[in-house]
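Engineer: Structure provided below as structure tokens; questions to follow.
Every number here is computed from the coordinates shown, using simple stated rules; none is lab data. Computed from a predicted structure; not experimentally measured. Quick reminder, even Gly has a Cβ in these numbers, built from the backbone with ideal geometry, and neighbours come from all protein chains shown.
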Amino acid sequence: MIPVKEGDIVKVEISNSGMLNHPMHLHGHRFQVQSKNGEPYDAPIVKDLIHVKPGETYTVYFKAENKGEWLFHCHDNNHADRGMVTIVDYEGVYSPFELGGKNNNQP
Ligand SMILES: [Cu+2]
């Protein structure tokens, strides 16, 4: 989980030490890509998804300005299903998940 407060500037480092590509996607926000493998970009690149190839490390920043609980995950659903998912969790936000219930929620 990435705990944030509204207004925070959040730094996230994404490293791929595996052998597969991982298109990492943040819901509800855009992030600025600051560097790739430690080399800063001259001009800001703003995205909500970045392809992280084997051996690559990206440093990205986003502003916490959309209160909620947002997925930050690999967009290859096979990877997400196996756990490449985290949550940007704003302070003071709580949305309980009821399994089944009147909406038939499923994990
Ligand atoms: Cu992946």
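Engineer: Sort through Gly28, Gly101 and tell me the only one that's touching a strand residue (DSSP E or B) at 6+ places or on another chain (Cβ under 8 Å) and at positive phi. Let's see the steps before the verdict.
Structural biologist: Working: Gly101 fails: touching a strand residue (DSSP E or B) at 6+ places or on another chain (Cβ under 8 Å).
Step by step, each of Gly28, Gly101 is checked, and only Gly28 is touching a strand residue (DSSP E or B) at 6+ places or on another chain (Cβ under 8 Å) and at positive phi.
Engineer: If Val52 satisfies all but one of (1) touching a His at 6+ places or on another chain (Cβ under 6 Å); (2) closer than 30 Å to Pro96 by Cα, what's the number of the condition it fails?
Structural biologist: Exception for Val52: condition (2).
Engineer: Now a separate question. From the residues in the range 83-106 that are closer than 25 Å to Val10 by Cβ and without any contact (Cβ under 8 Å) to a residue 40 or more places away in the chain, which one is farthest from the ligand (Cβ to nearest atom)? Show your work before the answer.
Structural biologist: Initially, the range 83-106 is screened for residues closer than 25 Å to Val10 by Cβ, giving 83-97.
Remaining after also requiring without any contact (Cβ under 8 Å) to a residue 40 or more places away in the chain: 83, 85, 92-97.
Numbers: Gly83: 10, Val85: 10, Gly92: 31, Val93: 26, Tyr94: 28, Ser95: 25, Pro96: 28, Phe97: 24 Å.
Ranking the qualifying residues of the range 83-106, first place goes to Gly92.
Engineer: If you scan the range 61-82, which residues turn out to be free of Cβ contacts under 8 Å to residues at least 60 places away in the same chain, within 16 Å of the ligand (Cβ to nearest atom) and under 16 Å from the mean Cα position of the chain (by Cα)?
Structural biologist: The answer is Leu71, His73, Cys74, His75, Asp76, Asn77, His79, Ala80, Asp81, Arg82.
Engineer: Do you know which residues across the range 30-73 are crowded, with 17+ Cβ neighbours inside 10 Å and more than 17 Å from Asn16 (Cα to Cα)?
Structural biologist: Of everything in the range 30-73, those that are crowded, with 17+ Cβ neighbours inside 10 Å and more than 17 Å from Asn16 (Cα to Cα) turn out to be Phe31, Phe62, Ala64, Trp70.
Engineer: Among Lys36, Lys11, which is more than 16 Å from the ligand (Cβ to nearest atom), of a type in the set (Lys, Arg) and free of Cβ contacts under 8 Å to residues at least 40 places away in the same chain? Before you say what the answer is, go through the steps one by one.
Structural biologist: Details: Lys11 fails: free of Cβ contacts under 8 Å to residues at least 40 places away in the same chain.
Every option except Lys36 fails the conditions.
Engineer: Failed condition for Gly28, given (1) over 12 Å from the mean Cα position of the chain (by Cα); (2) closer than 30 Å to Gly92 by Cα; (3) in contact (Cβ under 8 Å) with a residue 12 or more places away in the chain, with all others met?
Structural biologist: Unmet condition: (1).
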